[in-house]
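Report on the structure given below.
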Amino acid sequence: SFPDKRNAVTQLEGSVMQIKKTMERVPGGLMVIPLLLGALCNTFFPNTPKIFGSFTGGLFTGATSILAVYYVCMGATISFKTTPYIIKKGGVLFMAKVGVAAIIGIIVGQFLGEAPVEEGFFAGISTLAIVAALNDTNGGLYMALMGQYGRPKDVAAYSIMCLESGPFLTMVTLGVAGLSAFPWQMMVGAIFPLVLGMILGNLDKDMRDFLKAAPAVLIPFFAFALGTGLDLSKVWNAGLLGVGLGFCVVIVTGVVLFVGDRLTGGTGVAGLAASSTAGNAAAVPMIIAQANPVYAPAAQQATVLVAACVVVTAILTPLLTAWGAKTFGAPKDLPDENEA
């Protein structure tokens, strides 16, 4: 019959391949897998963008342009109309995350400066890599964990933490650490797309609804373009360091964020849920190097380190959050008087 044929066609169409679901099974997969594909292309077929040029070449070399659009769309999701709770919770987590990155950046910067370590097991580690890994929280992971263990307003606290996105705060941290500073034009240029998106999204709800779906779509594209700047021959050592860096991010920021959350009346679980590195943080080192060439020697390996850190924290943070909810109580179970 006709309905049976239609169901058969639907089943056939749905069973061809599940590319997106497969990618999402990998921690940070929508960022990491395209990044790896780009790195494979660059390692084994380095002349591809020159051979094909045009739009194909643009996919290999257009990371900066794609990221500019990404930050406009990301900014559109940040609402100016937040409740006092959201400002308090999100503000504390935001300041704790950025504050610990700044303190560690200042300390490490005194020993390493702008250049990466050149020899030994720690070859490739740099102040740039450490600060970029610490500065930005994996928002999708945080919101998913708070959706499970928290309340809607705990999820909404990420609207404040979104301000971590992009290279601006990393530039500020590196400057505060006494390292090479950036011209004010570069600083403004780094944050302008995010601010523009915030203005558009708050002036027009339809514009916000229109733009808010784009960030997730753009992630694989800028990740691939970033990957085409990586050499896989250097990934192994950087990957091992990235695992260690990922553990450090979860432990160091997890402790600070846990304390900050407890001080604002939470159970500490929201802080643990924010102890991760965002996928788009892997884009920051290259942007920093474009803004100030003194960081160019550190940028490539810093990108690999941060990408490895994204994967490690995406695995560890949910485990730590689940343990925190079991040990200290889930935010959703708090009595009403502690919710304000």
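The values are calculated or read from the model by the stated rules, or taken from the named source; none is laboratory data. As the structure is a prediction and not an experimental result, all values here were calculated from the model. Cβ sites come from the backbone with ideal geometry, for glycine too, and all protein chains shown count toward neighbours. SASA here: full protein model, heavy atoms, side chains in, ligands and nucleic acids out. Shrake-Rupley method; radii C 1.70, N 1.55, O 1.52, S 1.80 Å.
Data for the structure
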| quantity | calculated |
| --- | --- |
| Violating pairs (Cα-Cα greater than 24 angstrom) within the set Lys20/Lys205; Lys88/Lys332; Lys20/Lys326; Lys21/Lys89 | Lys20/Lys205; Lys20/Lys326; Lys21/Lys89 |
| Calculated FRET value between Val16 and Ser54, using beta carbons and R₀ = 25 Å, to 0.05 | 0.30 |
| Solvent-accessible area, 1.4 Å probe, carbon plus sulfur percent, for the range 192-330 | 74 percent |
| Asp206 - accessible surface, heavy atoms, 1.4 Å probe, Å² rounded to 10 | 110 Å² |
| FRET efficiency, 1/(1 + (r/R0)^6) with R0 45 Å, evaluated for Phe44 and Asp204 via beta carbons | 0.45 |
